[in-house]
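Only one structure is covered here, and it is reproduced in the block below.
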Amino acid sequence: MGQPVISVIIPVYNAENYIVECARSLFGQTYRNIEFIFIDDCSTDSSFKKLEMVVGEYPGLNVRIVRHSENKGAAASRNDGLSLATGDYIGFVDADDWIEPEMYERMCREMSRNKVDVVVCGYYRDYADRTEEIRPKPATEERGKTELIRNYLAQSLTPLWNMLVKADLLKEHRIRFLDGFDWCEDFNVSSKVYYYSNNICFLDEPLYHYRDNLSSYCHTVSVRKYVSRLRNVLDLYDFFKDKEIYGGVKKSLFYRILLSKQFYLYETKEITAYMTLCPEANGYILSNPLYGKKSKLVEWLAVKLYALIVKLAGTKI
């Protein structure tokens, strides 16, 4: 048997300032049996031109570039990449990030050595003025699936790009992104990957560079983004509520739902929508680790006052 093929999917949209560094870090990998799938999502800048330039610097690589004729979003772009992927393992990289030269060699080695479904590595969070190292739990630490998923659901950053996943796992369970819902789409998919994985290897080593880019999509604010996040979280809630581990993870799911429906209070001023969407989550406002003190106070008071107003409205005079 030859080396396993890794398919790396890279959605690209207006990443002209970063795509050269990203592509060179990919093409310079010490692991050579990689299929690179770039999905240019109708970029309006020079991203495609710069990508073609870098591809020309590395002849002989297995590179595919697909250009959308219209902007479809990150979720649809990743789904297109999954449809094209022919590899044994699947990885994802964002076009404004970059990776260490040995990242996929290290992850592939652990995948084969430990016979696991998923390998998760640490990463660097690169700010303009500093860098933080984020390290997952080491591979030697045994944790039950319920605890693992419960803790993961309650984390503030839940990426997919520091994972290498068996392609068969994604295919067998038909794990896909929700087309058109482009915020927290990685949270949705990575949580399902954790659930379906029989065994996971955690590499206590940062190999991915996540650029905390203030101009990126995840840092822009819009109601459409909030709706996307809410849609992905509610889909995950529906996914888990009939699973055997639901009782152990529901609190973390409620934390996420609370965070995702906040915009009804603060942005669109739809108080009734906030109160009536998954109302059982409202009882977890004060314990939510994803909230600051101000959010806890405001939303707890909102729930109490809303309940009082409803009660008074039903009182006969």
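The values are calculated or read from the model by the stated rules, or taken from the named source; none is laboratory data. Remember, predicted model here, so these are calculated numbers, not experimental data. Glycine also receives a Cβ, built like all others from the backbone with ideal geometry; neighbour counts cover every protein chain displayed. Each accessible area value is taken on the protein alone, full model and side chains, heavy atoms only, with ligands, DNA and RNA left out. Shrake-Rupley method; radii C 1.70, N 1.55, O 1.52, S 1.80 Å.
In the stretch 29-43, the count of residues that are basic (Lys, Arg) and in contact (Cβ under 8 Å) with a residue 60 or more places away in the chain is zero. One residue stands out in the stretch 25-49 among those that are among the charged types (D, E, K, R) and in a loop (DSSP other than H, G, I, E, B): the one that is farthest from Ile6 (Cα to Cα), namely Asp45. Return yes when Pro136 is within 30 Å of Lys241 (Cα to Cα), assigned to a loop (DSSP other than H, G, I, E, B) and more than 15 Å from the chain's Cα centre (by Cα) and no when it is not. Answer is yes for this residue. For Val20, the test of being among the β-branched types (Val, Ile, Thr) and open to solvent by less than 10 Å² (accessible area, probe 1.4 Å) is failed. Is one or more of the residues making up the stretch 269-289 in contact (Cβ under 8 Å) with a residue 12 or more places away in the chain, touching a Ser or Thr at 6+ places or on another chain (Cβ under 6 Å) and of a type outside the set (Gly, Ala, Ser)? The answer is no, given that none of the residues of the stretch 269-289 is in contact (Cβ under 8 Å) with a residue 12 or more places away in the chain, touching a Ser or Thr at 6+ places or on another chain (Cβ under 6 Å) and of a type outside the set (Gly, Ala, Ser). Among the criteria (1) touching a strand residue (DSSP E or B) at 6+ places or on another chain (Cβ under 7 Å); (2) within 29 Å of Arg229 (Cβ to Cβ), the one Ala15 does not fulfil is (1).
Of the residues making up the stretch 68-116, those that are open to solvent by less than 10 Å² (accessible area, probe 1.4 Å), in contact with a Ser or Thr (Cβ under 9 Å, 6 or more places away or on another chain) and under 16 Å from Arg32 (Cα atoms) are Gly87, Ile90, Gly91, Ile99, Met103, Tyr104. Restricting the stretch 247-300 to residues that are more than 21 Å from the chain's Cα centre (by Cα) and of a type in the set (Phe, Trp, Tyr), the residue that is surrounded by the fewest Cβ atoms within 10 Å (Cβ to Cβ) is Tyr266.
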